[in-house]
Amino acid sequence: MGKRVYIISDLEGVAGIVSRVQLGPEGSEYEIARSYLTHEVNAAIDGCIEAGASDITVLDGHGHPRGYNIDLAIADDRAEYVIGTHRSSTLPFLNESFDAVFLIGYHAMAGAERAVWSHTQSWESIVSYSINGEEFGEIGQMAIIAGTFEVPVVLVTGDQAAINEAKSVIPGIIGIVVKEGDSRFCARTVTPNRSQTLIKSGAVEATTLIDKISPVRIDFPCEIKMTVSDSDFADEMERSGMLRTGKLTLSKTGQSFRDIP
Ligand SMILES: [Zn+2]
């Protein structure tokens, strides 16, 4: 039987994306940004099928809780798409039956330098996030959640900073750089067409290397710490159940993948 691949898409790390007007439905350039995203996801699907995958689930991961960005009218029919709000967990439908995870259109963690739209969950409010003393962004968080199902993340696409971060967390991962940040809002980017070519070949390679890349594993319970940028957000996190350890710092004990992020 062919491999089962779970693709998580984001938008900040797609080729040609640098501006807020591209990142949400209120923006004047959002519709074209959605098409760039969809074509990158299509390229990843095409590549993994060429390398022997036969069952592909795509999670539309950007801008939760809105819940959909991929344009299903032009999306590859050979995959199925998880969209919508009120999700039961961060990665719905992911389980032990999958063989690999791809991260498409990803960005580096909050505070990363020369990193397009670097952030961790919130664009503005989270300054740093750590598990057992080690700092993680969304790439690491996704790898840890997938790791609890013994599934490795084998492909990441995004800007140079995102790929550097992924390689430091996931040894052997295939990283496809589609742009290089000059600042948080300026990049040197390849064209969407070029990014699709690069991503397809990365997906082929990553699919053939699935057995060579280990899942990221952590022990539970774990200690999760967060530093936030303002007291309003700290209050909100405290109300959600985190322990206030300082004006702008909080912590909690993670009992399972459901506590990440
Ligand atoms: Zn996003």
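Read-outs throughout are calculated quantities, based only on the coordinates presented, and are distinct from any laboratory measurement. This structure is a prediction, so every number in the text was calculated from the model and none was measured. Every residue, glycine as well, gets a Cβ built from its backbone with ideal geometry; the counts of neighbours run over all protein chains shown.
Points to keep in mind about this one:
- FRET efficiency, ARG194 to GLU29 (Cβ-Cβ, R0 25 Å, nearest 0.05): 0.85
- Length-normalised contact order of region 71-150 in % [C-alpha pairs under 8 Å, at least 6 apart]: 24
- Listed residues TYR6, ALA187, ILE17: farthest to the positive end of the dipole of the chain (Cβ charges): ALA187
- On Cα atoms only, tilt of 192-208 relative to the major axis of the chain in degrees: 90
- Fully extended contour minus Cα-Cα distance, from ALA73 to GLU124, at 0.36 nm per residue: 15.1 nm
- For the chain, the tally of Lys pairs with Cα-Cα distances below 15 Å comes to 4, considering only residues 8 or more apart or on different chains.
- FRET efficiency, SER201 to GLU150 (Cβ-Cβ, R0 25 Å, nearest 0.05): 0.40
- When HIS86, HIS39 are arranged by Cβ crowding within 10 Å, least crowded first, meaning fewest neighbours, the order is HIS86, HIS39.
- Debye, to nearest 20: dipole size of the chain, +1 on Lys, Arg Cβ, -1 on Asp, Glu Cβ: 220
- The ranking of HIS62, HIS107 by Cβ neighbour count inside 10 Å, starting from the fewest, reads HIS62, HIS107.
- Degrees, to the nearest 10: 138-148 long Cα axis against longest axis of the chain: 80
- Taking a ≥ b ≥ c as the square roots of the Cα gyration tensor eigenvalues, region 111-216 comes out oblate, since a/c reaches at least 1.5 and a/b does not exceed b/c.
- The antiparallel fraction among DSSP beta bridges confined to the chain stands at about 45%.
- Legend: ranking of residues GLU31, GLU96 from fewest to most surrounding C-beta atoms inside 10 Å; resulting order GLU96, GLU31.
- Overall form of region 3-217 per C-alpha gyration tensor (a/c, 1.5; a/b vs b/c): rounded
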